[in-house]
Amino acid sequence: MKAGFIMAAAWLAVASAPLSAAQLYQWKDAQGRTVYSDQAPPPSIRNAQQKAFNGSVIEGGESYSSKTAREKHPITLYASACGAPCDLARKLLSERGVPFSNKDPQASPEAQAELQKITGQLRVPVLIVGSDKIDGFESGQWNAAIDRAGYPKTVLPGGKPTPEATPAPASPAAQPPALSGTR
């Protein structure tokens, strides 16, 4: 009984070793069918391809809850080089790991026109979560809106999504006086 258990444990250890290597072979058999296997092809097979996989296909990427929230309630941040409010706004979204598009009204006339239409003014930062709009930066309000939209409260292990468009902050001398970071 004990010998059988030891043999089973040894066999399991030997059998699982190739799983950590994650090798996959691809070749065509004698009938012309494509074969995929974790076992090496027979010696008579030529043109076999060997591929190594470094991780699970499940790892990385966006969580299901984040993807669902993004589809139903996309996030847009209107921010420029307005100083602390805009910097804190970007930081909050990045730390939460939520995907968002960043529009700079200073750098884009289109973004400026959109912001004027949405808010009636040119103050930044402004957060749009789905159809909700929040003028000015206040972390409690922003987190509550993001939570209501269904985004996860924490980032998945392994990474933070990159914003769709993150323009570099403009130099302070290039700021037009119409935009201000208040609130």
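The values are calculated or read from the model by the stated rules, or taken from the named source; none is laboratory data. Quick caveat, the model's predicted, so the values are computed rather than measured. As a convention, Cβ positions derive from the backbone with ideal geometry for all residues, glycine included, and neighbour counts pool all protein chains shown.
Go through the residues of the stretch 92-109 one by one and say whether even a single one is of a type in the set (A, V, I, L, M), free of Cβ contacts under 8 Å to residues at least 60 places away in the same chain and surrounded by 11 or more Cβ atoms within 10 Å (Cβ to Cβ). Yes - at least one qualifying residue is present in the stretch 92-109. Based on what the data block shows, is Ser63 under 28 Å from the mean Cα position of the chain (by Cα) and modelled with pLDDT of 85 or more? Against the criterion (under 28 Å from the mean Cα position of the chain (by Cα) and modelled with pLDDT of 85 or more), Ser63 does not qualify.
In the set Ala84, Ala79, Ala30, only one residue is modelled with pLDDT of 80 or more and touching a Cys at 6+ places or on another chain (Cβ under 6 Å); that residue is Ala79.
Would you check if there is a residue in the stretch 80-90 being in a helix (DSSP H, G or I), in contact with a helix residue (DSSP H, G or I) (Cβ under 9 Å, 6 or more places away or on another chain) and crowded, with 19+ Cβ neighbours inside 10 Å? For the stretch 80-90, residues in a helix (DSSP H, G or I), in contact with a helix residue (DSSP H, G or I) (Cβ under 9 Å, 6 or more places away or on another chain) and crowded, with 19+ Cβ neighbours inside 10 Å: present.
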